[in-house]
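Worksheet: the structure to be examined is printed underneath.
Bear in mind that the values in this text are calculations on the coordinates, not laboratory data. Only a predicted model underlies this, so the values are computations on that prediction, with no experimental measurement involved.
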Amino acid sequence: TIVLFVYAGSGELDLRKFGRAVDKMFDGAVMASVAKNSFRGESGSKLTVERTKASPKEPRRVVLVGLGDEADWKAAGSLAGESLKGTDVANIGVVCIDGIEMQPLMEGLLQ
């Protein structure tokens with residue numbers, strides 16, 4: 001599972017470089033799901049995209065966590081953690097973006 005934190009966008013959501021690479025890995029399913037669900041990255045929002053066909057070493061799921069205009073990293077970490085509960089995830093990747101505050105993010109994630 002990849003957890004991708006995104007800031008709110010006024011127009012089309014900007015996944016930035018890594019997010020665009022993840023979307024490509026998921027054959028465009030991430031941006032298609034963003035459009036279908038009108039996901040805009042508002043604070044407290046999340047969107048999960050899963051794919052059924054992936055090699056054992058590739059991620060099967062990406063969770064987008066909205067940060068709004070100004071990130072509350074502890075709340076974002078908590079929302080990401082809730083998204084992972086009850087799954088059989090052995091590995092997660094947390095995408096670090098500009099301005100990330102790791103301590104509150106990890107506190108929220110480990111709640």
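Miscellaneous remarks
- In summary, the aspartates and glutamates within cross-link reach of Lys57, defined as a Cα separation below 19 angstrom excluding same-chain residues under 8 places away, comprise Asp23, Asp27, Asp88.
- Extension gain for Thr52-Glu70 works out to 3.1 nm (0.36 nm per residue, less the C-alpha to C-alpha distance).
- Those lysines that a straight Cα-Cα span of less than 26 Å connects to Lys53, excepting residues fewer than 8 apart in one chain: Lys17, Lys24, Lys36, Lys85
- Calculated from the structure at hand, Cα extents along the principal axes in Å is found among [x] 45, 31, 23; [y] 40, 31, 20; [z] 34, 34, 21 as [z].
- Of all the options Gly77, Gly44, Gly66, the one that moves most in a Gaussian network model of the chain with Cα springs shorter than 10 angstrom is Gly44.
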